[in-house]
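Below is one structure. I have some questions about it.
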Amino acid sequence: MVNTDTKVFIAMGFTTLGCFLSALSLILMKLSIERNNKGICNKLWMTGFSSLILGTVANILALGFGNLLLLASSSSLTLIFNSILSVKILHEAFSVWDGIAICLICSGSIACMFLVKEREGNLSETELKTLFTSTESLSYFGFGILVILAANFVESKVRRDVADTWRSIQGLNPIAAKPGSEIEMIE
């Protein structure tokens with residue numbers, strides 16, 4: 001019989017492999033499209049698709065060894081692998097905001113992985129309702145909504161400020177911008 005720590009280690013190994021293969025699959029398929037390869041029957045696209053299937057199989061195998069919450073929270077590794085591979089293979093830009101977003105997502109996932117408690121048996125409907133309506137859960141969801149609203153507000157303000165700065169650099173009157181012009185599209 002395999003002990004719990006070994007099961008968690010095996011599950012994390014399979015899910016890490018699954019995350020890497022899933023990220024690699026998207027990169028390879030996009031690279032195939034960017035190279036203007038026609039259709040889905042080219043080798044690069046098929047390699048990416050095969051990688052996606054293998055990544056899914058690895059994640060399914062991980063389910064046999066680990067807690068679903070642990071595995072789901074570790075799927076943020078896909079984001080990390082995708083960010084690294086897209087910069088290295090596709091030569092995409094990586095901004096400070098991308099780094100901040102990845103850090104926030106990963107810190108939440110890591111916190112979730114460490115706070116996961118193994119439960120024996122299944123929860124009843126009443127126990128689930130109690131968990132979802134607890135002060136901690138409601139606070140978490142409320143805080144999440146506030147963060148999303150604040151990010152939306154900040155993002156729209158930054159876009160307006162950038163557009164206004166661009167207009168002032170160009171010596172244009174923001175009110176006189178023509179519909180369909182580059183200035184209007186920035187907003």
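The values are calculated or read from the model by the stated rules, or taken from the named source; none is laboratory data. Note that the structure is predicted; figures quoted are calculated from it, not measured. Using ideal geometry, Cβ is built from the backbone for each residue, glycine included, and neighbour counts are taken over all protein chains shown.
Is at least one residue of region 155-162 at pLDDT 80 or above and surrounded by fewer than 10 Cβ atoms within 10 Å (Cβ to Cβ)?
Looking through region 155-162, none of the residues is at pLDDT 80 or above and surrounded by fewer than 10 Cβ atoms within 10 Å (Cβ to Cβ).
In region 131-168, which residues are in contact with a helix residue (DSSP H, G or I) (Cβ under 6 Å, 6 or more places away or on another chain) and part of a loop (DSSP other than H, G, I, E, B)?
Passing the criteria: none in range.
Still on this structure, please answer the following. Please verify whether Thr47 is under 28 Å from Ile100 (Cα atoms), modelled with pLDDT of 85 or more and either out of contact with any Asp or Glu (no Cβ under 6 Å at 6 or more places or on another chain) or assigned to a helix (DSSP H, G or I) (or both), treating the condition exactly as stated. Please lay out each step first, then the result.
Numbers: under 28 Å from Ile100 (Cα atoms): no; modelled with pLDDT of 85 or more: yes; either out of contact with any Asp or Glu (no Cβ under 6 Å at 6 or more places or on another chain) or assigned to a helix (DSSP H, G or I) (or both): yes.
So Thr47 fails the test.
Looking at region 1-26 only, could you name the residues that are closer than 11 Å to Gly66 by Cβ, of a type in the set (Phe, Trp, Tyr) and surrounded by 17 or more Cβ atoms within 10 Å (Cβ to Cβ)?
If the condition is that a residue be closer than 11 Å to Gly66 by Cβ, of a type in the set (Phe, Trp, Tyr) and surrounded by 17 or more Cβ atoms within 10 Å (Cβ to Cβ), then Phe14 is the only one that fits.
Turning to a different aspect of this structure: So which of Lys117, Lys178 ends up being closer than 19 Å to Ala72 by Cα, assigned to a loop (DSSP other than H, G, I, E, B), at pLDDT below 80 and over 19 Å from the mean Cα position of the chain (by Cα)? It would help to see each step written out before you state the result.
Working: Lys178 fails: closer than 19 Å to Ala72 by Cα.
Testing whether each residue is closer than 19 Å to Ala72 by Cα, assigned to a loop (DSSP other than H, G, I, E, B), at pLDDT below 80 and over 19 Å from the mean Cα position of the chain (by Cα) leaves just Lys117.
Just to verify a result, which residue in region 50-90, among those that are surrounded by fewer than 16 Cβ atoms within 10 Å (Cβ to Cβ) and not in a helix (DSSP H, G or I), is modelled with the lowest pLDDT?
Applying the filter and picking the extreme gives Gly64.
Name, by its number, the condition in (1) surrounded by fewer than 19 Cβ atoms within 10 Å (Cβ to Cβ); (2) without any contact (Cβ under 8 Å) to a residue 24 or more places away in the chain; (3) in contact with a helix residue (DSSP H, G or I) (Cβ under 7 Å, 6 or more places away or on another chain) that does not hold for Ser32.
For Ser32, the exception is condition (1).
Determine the pairs where a residue that is more than 22 Å from Ala111 (Cβ to Cβ), located within region 60-88, has a partner that is of a type outside the set (A, V, I, L, M, F, W, C) with Cβ atoms under 6 Å apart, the partner being 6 or more residues away or on another chain.
Ser86/Glu92
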